1. What is the distance, in nm, between label points placed 7 Å from the Cα along the Cα-to-Cβ direction at Thr205 and at Glu3?
2. What order do you get for 146-154, 39-47, 206-214 when each peptide is scored by the mean count of other beta carbon atoms within 10 Å, highest first?
3. Residue separation times 0.36 nm, minus the C-alpha to C-alpha distance between Thr127 and Arg310: what's the value?
4. Excluding residues fewer than 8 places away in the same chain, name every one of the aspartates and glutamates whose C-alpha is closer than 18 Å to that of Lys293.
5. In debye to the nearest 20, how big a dipole does the chain give about its Cα centre with +1 on each Lys and Arg Cβ and -1 on each Asp and Glu Cβ?
6. How far apart, in nm, are the 7 Å Cα→Cβ label points at Glu53 and Leu37?
7. Taking only protein heavy atoms into account and a 1.4 Å probe, give the accessible area per residue of region 63-114 in Å².
8. Enumerate the calculated ³J(HN,Hα) couplings along region 300-309 in order (Karplus 6.51 cos²θ - 1.76 cosθ + 1.60, θ = phi - 60°), each rounded to whole Hz, writing x wherever the residue is Gly or Pro.
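The values are calculated or read from the model by the stated rules, or taken from the named source; none is laboratory data. Only a predicted model underlies this, so the values are computations on that prediction, with no experimental measurement involved. Positions of Cβ are generated from backbone atoms using ideal geometry, with glycine treated the same way; all protein chains shown enter the neighbour counts. Accessible surface areas use protein heavy atoms only, side chains included; no ligands, DNA or RNA. Shrake-Rupley method; radii C 1.70, N 1.55, O 1.52, S 1.80 Å.
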Amino acid sequence: MNEGSKIYVAGHTGLVGSAMVRELNRMGYENIVVRDLAELDLTDQAAVDKFFEREKPDYVFLCAAKVGGILANSTYPAEFLYINLMIASHVIHASYKHGVKKLLNLGSSCIYPRLAPQPLKEEALLTGPLEPTNEPYAIAKIAAIKLCRYYNEQYGTRFISVMPTNLYGPNDNFDLETSHVLPALIRRFHEAQEQGSPRVTLWGTGSPRREFLHADDLAGACVFLMEECEPKQIGEFINIGSGKDLTIRELAKVVRDVVGYTGAISWDDSKPDGTPQKLLDVSRMNALGWKAKIGLREGIRRTYEWYRKRSGKE
């Protein structure tokens, strides 16, 4: 990429897409194309094709997706599978059809088998059953990885896929019905503090282990890969993470401390825990010359500051 390259960021209003735009701007890229959902429905093949024909982007960051936590995935499984399949299929095919120089496809660590050996190596893909609570989303993301791979093999495209760990940061989803664990914890503790609640009850046992990466770190990694690496160096896909995990119970204590909530935490073990552990093996990414920079507590502090400002609490 160079400063004059036309870059399309699909999903620019979301957690990852907004971080990607910030990083591209920071790096001096100014010719960035974005479209809101009202302007471009990525599940509409004809609309996507017309957009690519008109705009002719040189590079594409495919960050758009329907995302959510355990509750959302369990409630809307058909939508999670259909919408994510359509988005990936339409954007990847249009990128091939209209001569995009390079595409980066964003996936998720939920693609790995539920009980795959830890830390999760790229080679573990499709070696066992998926976690049932997010199987529809995972299947769509696996299909996108394979689509990029086979377009490369059949048509000589330069499409790369990255599998980030659990992400958080500005523009995350803080809706308690559809959010992931970290933003949900921030909101739960913030509201408990505001309301003076003596106790916060959280789902599950708190025992599952999770790894977290700030969205700005992910964006930096993605721009690095687009600038420096080719599909042959990366392989079918590559993990991006911090390389460190902690239990949900430990995470809850960190968030509670950052928010400043002093009440008690209890656990409702009648609720599902999800996958026991999801820690990525990031040795391949580190070997290419990239490592995460933002520590978890610092990242949570930044995210909480953003949430407070957005909520009008400052």
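1. Using points 7 Å along Cα→Cβ, the separation is 5.6 nm.
2. In decreasing order of mean packing, 146-154, 39-47, 206-214 become 206-214, 146-154, 39-47.
3. So the extension gain works out to 61.7 nm.
4. Correct list for Lys293: Glu23, Glu211, Asp216, Asp217, Asp245, Asp281.
5. 460 debye
6. 2.6 nm
7. Ligands and nucleic acids excluded, the figure is 36 Å² per residue.
8. Listing the rounded values in order: 5, 4, 4, 5, 5, 4, 5, 4, 5, 5 Hz.
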